[in-house]
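Written below as structure tokens is the structure these notes are about.
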Amino acid sequence: MMISVSHITKTYNKGTIHAINDISFEVEKGEIFGLIGPDGAGKTSLFRILTTLLLADSGEAKVNDWDVVKDYKKIRNGVGYMPGRFSLYQDLSVEENLNFFATIFDTTIEENYHLIKDIYEQIEPFKDRRAGKLSGGMKQKLALCCALIHKPVVLFLDEPTTGVDSVSRKEFWDMLMKLKAQEITILVSTPYMDEAVLCDRLALMQEGKILTIDTPEKIRASYPLQLFAVKTNHTYKVLNELRNYKDTESCFAFGDSIHVTFKTPTDEKTISKYLSDKGDTDLTVEKIEPTIEDSFIQMLKN
Amino acid sequence: MRTLIFLLEKEFRQMMRNKQLMSLLIIAPLIQLILLPLAANYSVKNINIAIVDNDHSTISQRMIHKITASGNFRLTGYANNYNDALKMVEEDKADLILQIPANFEKNLVRENHNQVYLAINAIEGTKANLGGGYLASILRDFNENIRVNWVNPGTNNTPQVVVASTNWYNPYMNYHLYIVPAILVSLITSISAMQSAFNIVQEKESGTIEQINVSPIRKHIFITGKLIPFLVLGIFLFTLGLLAGWLFYGIVPVGKLYVLYISLVVYLFTMLGLGLLISTYSNSHQQALSLSFFFINIFNIMSGTFNSVDSMPGWAKTLVSVFPPSHFIRITRMVMLKGSSLADISGHLAAIFLIGLILNTWAVLNYHKTA
């Protein structure tokens, strides 16, 4: 096991706020493990405990068999951490930042260049530019390079693509896939569902607890009800009408359509009829496969 | 060691890149050092005096003439009575009222004794105090003259003790000689303690400290790497200040320069320790600024820059003895004015070092890589 967390609890404000409440999970070597959950679910606290920046109140955690308390020095030598906010030196250039982080880990850029080559080549044209002057996507690529330069066995990425355009996000995940191929274990949190499905396994967190851990496919398959998508030009009106329908289990706007489930099995015609009785005729109703986001919303609701 | 060198390289690079801060750090102290001694002058001039002369005699005229001739006073005007003169004080035209009673000369001749009345506007304490003092000494002098002129020298020969005094180490009581070293110290104090605190807090605010903390870098290496650049900056600014003192005020240290610089290094060690300590208790610039401002303000006012520590009450003296600047101000004055040797200042130097040792140990213990 590359990461093993058992019964970790962390409280703030003298025990009144449970940031993390008795969490356990394990991550295997070469796995991309995703942490998903709303803000305040305890994801960042978990990252900080695993990177030895925060001490847990109770429980044990190990990274590559190093205990986060006893072997903290080994962990600091052997893992890469990318915090949620950009935290490189904005007044140093791209190259200087990379050089700096290589040096404090007692290595050189040349020594591990093969690890960062694919990423660094993309930002190399700007190597003399100050890090603070880079675009959001560039900054994240540089931060990833800096986190990788000492050849860590585990990478901790706390929302690495938040605030980054979709093209850069895709490029970033392509790189993570390449790192995975090199057997680097990655623990990553993300608010984006299209990124979540790229993980090998996911943990859904809420209020300091893990609701479920599974592969994206299984999480999707575990959706308990038949899901319908209603498309209309009067989303708000139809949304309210569906919510007032006696048999509705859940109903929410999802992109340009409405996702709705019912307590008892039903079909498209019944729904269409109900809505057309209300005066909504210009709409389509169809059965759909749930996305991972539907599954999460379903789980968070319960 | 390689890490430390690289840390230093990074710090200096960042420092040099912050052009605005760098020029401010160099120019601002110089301007203060040049301006402050000129403005902060204790010899009070231009005290406005209003005179109520109810006698209009030769003696009273001679007295008034003597007062205005001293150069410290400016005669704002004669008033007919005390109330008119008070009005001049209220309108801020006069600082002092001298009232000469009617029949001043006559009574003086007849009774060999008389009184004048002095009223002082004490809103500006220093001016009032010194003005009153000046005037009193002028009147005493005037008194002596009358005695010599009027009393027959042969019959009333009272023996007198005359005190003759010399001002050692600053024979002409040159105020600049006294104030320039102190201002130099207070500038070094602010820059070393504040800038080192801000620099570390900056790393906290930008989040870079997180990256440093998850690295194997040792905390004493990191701290040393933070303090050395400010040690260098402090030495550089002190040198610049000495040069400015020489160029603008012609002040050349009487003592050995190496004594001054050894003390400076010890002092910077202490003040950087204070900055470091402040940074461990602050999470933002605002907190660091408020904390350091609190200390530096007290230091500058209480450490004997402008007023003498010896004239403070006992409890204040004890308190001031733990303020590093009070010792360093003494050292700079002793070395620059008196030419004291390392042995002469060893007591003060040891005190600074001891305080520095406590501050630095405290700061290092309080600096955590883990929350």
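The values are calculated or read from the model by the stated rules, or taken from the named source; none is laboratory data. Just so it is clear, the model here is predicted, and its values are computed rather than measured. Here Cβ is always computed from backbone atoms with ideal geometry, including for glycine, and neighbour counts include all displayed protein chains. The protein model used for the area step is the full one, side chains on, heavy atoms only, and it has no ligands, DNA or RNA in it. Shrake-Rupley method; radii C 1.70, N 1.55, O 1.52, S 1.80 Å.
Below is a table of values for the structure above.
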{"item": "Helices (runs of 4 or more DSSP H) lying entirely in region A:222-302 (those with 2 or more residues that are in contact with a Lys or Arg (Cβ under 7 Å, 6 or more places away or on another chain) and closer than 29 Å to A:GLU195 by Cβ)", "result": "A:292-301"}
{"item": "Boolean, B:GLU11 is in contact with a Lys or Arg (Cβ under 8 Å, 6 or more places away or on another chain) and assigned to a helix (DSSP H, G or I)", "result": "yes"}
{"item": "Candidates A:LYS269, A:LYS278, A:LYS231, filtered to the one that is surrounded by fewer than 16 Cβ atoms within 10 Å (Cβ to Cβ), in contact with a helix residue (DSSP H, G or I) (Cβ under 8 Å, 6 or more places away or on another chain) and not assigned by TED's automatic domain parsing to the domain that holds A:ALA203", "result": "A:LYS278"}
{"item": "Some residue of region B:313-336 being under 21 Å from B:GLY234 (Cβ atoms), open to solvent by 80 Å² or more (accessible area, probe 1.4 Å) and either modelled with pLDDT of 95 or more or aromatic (Phe, Trp, Tyr) (or both)", "result": "no"}
{"item": "Pair list, Cβ under 8 Å, 6 or more apart: region B:209-228 residue at the interface with chain A (Cβ under 9 Å from one of its Cβ atoms), other residue of a type in the set (Asp, Glu) and surrounded by fewer than 16 Cβ atoms within 10 Å (Cβ to Cβ)", "result": "B:PRO216/A:ASP106"}
{"item": "Condition met for A:THR11 (at positive phi and modelled with pLDDT of 90 or more)", "result": "no"}
{"item": "Residue list for region A:14-47, filter: over 16 Å from A:LYS209 (Cβ atoms) and basic (Lys, Arg)", "result": "A:LYS14, A:LYS29"}
{"item": "Positions within region B:249-273 being of a type outside the set (Ser, Thr, Tyr) and open to solvent by 10 Å² or more (accessible area, probe 1.4 Å), in sequence order", "result": "B:GLY250, B:VAL252, B:PRO253, B:VAL254, B:GLY255, B:LYS256, B:LEU257, B:ILE262, B:VAL265, B:VAL266, B:PHE269"}
{"item": "Enumeration of residues in region B:96-114 that are open to solvent by 70 Å² or more (accessible area, probe 1.4 Å) and modelled with pLDDT of 80 or more", "result": "B:ASN103, B:LYS106"}
{"item": "Test: residue in region B:256-263 that is under 25 Å from the mean Cα position of the chain (by Cα), over 26 Å from B:MET1 (Cβ atoms) and not in a helix (DSSP H, G or I)", "result": "yes"}
{"item": "Residue list for region B:105-126, filter: in a loop (DSSP other than H, G, I, E, B), under 43 Å from the mean Cα position of the chain (by Cα) and not charged (D, E, K, R)", "result": "B:HIS113, B:ASN114, B:GLN115, B:VAL116, B:ASN121, B:ALA122, B:ILE123"}
{"item": "Sole residue being over 30 Å from B:GLY245 (Cβ atoms), in contact with a Gly (Cβ under 8 Å, 6 or more places away or on another chain), more than 14 Å from every other protein chain (Cβ to nearest Cβ) and open to solvent by 30 Å² or more (accessible area, probe 1.4 Å), chosen from B:LYS87, B:LYS45, B:LYS93, B:LYS66", "result": "B:LYS93"}
{"item": "So A:LEU239, is it at pLDDT below 90 and open to solvent by less than 60 Å² (accessible area, probe 1.4 Å)", "result": "yes"}
{"item": "Region A:90-105 - residue that is within 28 Å of the chain's Cα centre (by Cα) and among the aliphatic types (A, V, I, L, M) and, of those, farthest from the other protein chains (Cβ to nearest Cβ)", "result": "A:VAL94"}
{"item": "Test result for B:PRO253, over 21 Å from B:PHE353 (Cβ atoms), part of a loop (DSSP other than H, G, I, E, B) and at pLDDT 90 or above", "result": "yes"}
{"item": "Residues (more than 10 Å from chain A (Cβ to nearest Cβ) and among the aliphatic types (A, V, I, L, M)) located in region B:5-14", "result": "B:LEU8"}
{"item": "Members of region B:346-363 that are open to solvent by less than 50 Å² (accessible area, probe 1.4 Å) and touching a Gly at 6+ places or on another chain (Cβ under 9 Å)", "result": "B:ILE355, B:GLY356, B:LEU359, B:ASN360, B:ALA363"}
{"item": "Strands (runs of 3 or more DSSP E) lying entirely in region A:1-95 (those with 3 or more residues that are more than 18 Å from B:ILE209 (Cβ to Cβ) and either assigned by TED's automatic domain parsing to the domain that holds A:THR185 or open to solvent by 50 Å² or more (accessible area, probe 1.4 Å) (or both))", "result": "A:3-12, A:17-27, A:32-36, A:58-63"}
{"item": "Residue pairs meeting the criteria (Cβ under 6 Å; at least 6 apart or on separate chains; first assigned to a strand (DSSP E or B), in region B:78-99; second aromatic (Phe, Trp, Tyr))", "result": "B:GLN99/B:TYR82; B:GLN99/B:TYR117"}
{"item": "Residue match in region A:44-53 (condition: at pLDDT below 95, within 14 Å of chain B (Cβ to nearest Cβ) and farther than 25 Å from A:ALA196 by Cα)", "result": "yes"}
{"item": "Options B:ALA28, B:ALA39; residue that is of a type in the set (Gly, Ala, Ser), away from chain A (no Cβ under 14 Å), out of contact with any strand residue (DSSP E or B) (no Cβ under 9 Å at 6 or more places or on another chain) and open to solvent by 60 Å² or more (accessible area, probe 1.4 Å)", "result": "B:ALA39"}
{"item": "Residue match in region B:186-203 (condition: free of Cβ contacts under 8 Å to residues at least 12 places away in the same chain, of a type outside the set (Phe, Trp, Tyr), within 14 Å of another protein chain (Cβ to nearest Cβ) and closer than 25 Å to B:LEU359 by Cβ)", "result": "yes"}
{"item": "Enumeration of residues in region A:269-299 that are at pLDDT 85 or above, farther than 21 Å from A:PRO216 by Cβ and acidic (Asp, Glu)", "result": "A:ASP277, A:GLU286"}
{"item": "Residues being polar (S, T, N, Q), more than 30 Å from B:ILE262 (Cβ to Cβ) and surrounded by fewer than 23 Cβ atoms within 10 Å (Cβ to Cβ) - total across region B:183-234", "result": "5"}
{"item": "Subset tally (residues that are without any contact (Cβ under 8 Å) to a residue 60 or more places away in the chain and more than 7 Å from chain B (Cβ to nearest Cβ)) for region A:78-89", "result": "1"}
{"item": "Pairs, first of a type in the set (Asp, Glu) in region B:112-125, second modelled with pLDDT under 75, C-beta under 6 Å, six or more apart", "result": "none"}
